[in-house]
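Have a look at the structure below, then the notes.
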Amino acid sequence: MKFSVEVITVPVEDVERALRFYVDRVGFVLDVDYSPNDAFRVVQLTPSGSSCSIQIGKGITDAPVGSLRNAYLVVTDLETARRDLLGRGVQVSDIRHKTPIAAWDGGFASGLDPARGNYASFADFSDPDGNRWILQERGYRTA
């Protein structure tokens, strides 16, 4: 049997504010904005190149606003992704990497992993409601 994660629900308080943040600042693509009545609205957004979307809305979850923690957005160039988000007005943490790599015990050091190894470098940001996203580098290649 094959399973596929295709949608993650992100609990937000103000749908319009969250929609503007994810589209205008983070660069997600708006797929669906459907509201058949005042009690229900589903907005589906997809990060460029992703097979998994997020949903924000009204009447779609009872999870506390801002309770999403550590959803990963994987990028091939963490420095560029961070710089782009900062340029769009998103507050992104400094880059950090796992250390020691060979026997990782949960510690981090500042900056990119010197070897630019897969899954070793991170930064994070939060949306206006406090939902936290982790940027992780995978597939970086020098030319």
Study note, to complete from the structure: So, with points 7 Å from each Cα along the Cβ direction, the Cys52-Ala109 label distance in nm works out to 2.9 nm
Exercise for review: Taking mean projected area of the Cα convex hull in nm² as the quantity of interest, determine which of (i) 10.8; (ii) 8.1; (iii) 9.6 was computed from the displayed structure.
Suggested key: (i)
Exercise for review: Mind listing the long-range amide H neighbours of Thr9? Cut-off is under 5 Å, sequence gap 5 or more, other chains count too, H placed in the peptide plane at 1.01 Å from N.
Suggested key: Gln55
Check your understanding: Could you give me the ³J(HN,Hα) list for the range 109-123, computed from phi with Karplus coefficients 6.51, -1.76, 1.60 and θ = phi - 60°, whole Hz, x at Gly and Pro?
Key -> 10, 5, x, 6, 4, x, 8, 6, x, 4, 6, 9, 10, 9, 8
Practice item. Quote to one decimal, in nm, the extra length available between Ser93 and Asn118 on full extension: 0.36 nm per residue of separation minus the C-alpha distance between them. Key: 7.1 nm
Check your understanding: Once the Cβ-Cβ distance between Asp33 and Val65 is put in as r, and R0 is 22 Å, what FRET efficiency do you end up with, to the nearest 0.05?
Key -> 0.70
Review point. Between the range 3-22 and the range 112-129, what's the alpha-carbon centroid distance in Å?
Key: 21 Å
**Study point:** Pair Arg138, Arg17: separation of 7 Å Cα→Cβ label points (nm)
**Key:** 3.2 nm
Practice item. Tally the DSSP beta bridges in the chain and give the antiparallel ones as a percent, rounded to 5. Key: 75 percent
Practice item. Please list, in chain and number order, the residues 5+ apart from Val29 or on another chain whose amide H is under 5 Å from its amide H, with Hs placed from the backbone. Key: Thr46, Ser48
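Every number in this text was worked out from the coordinates using simple rules, so none of it is lab data. This one's a predicted model, so the numbers in the text were calculated from it and none came from an experiment. Note that each Cβ is placed from the backbone with ideal geometry, even for glycine, and that neighbours are counted across all protein chains shown.
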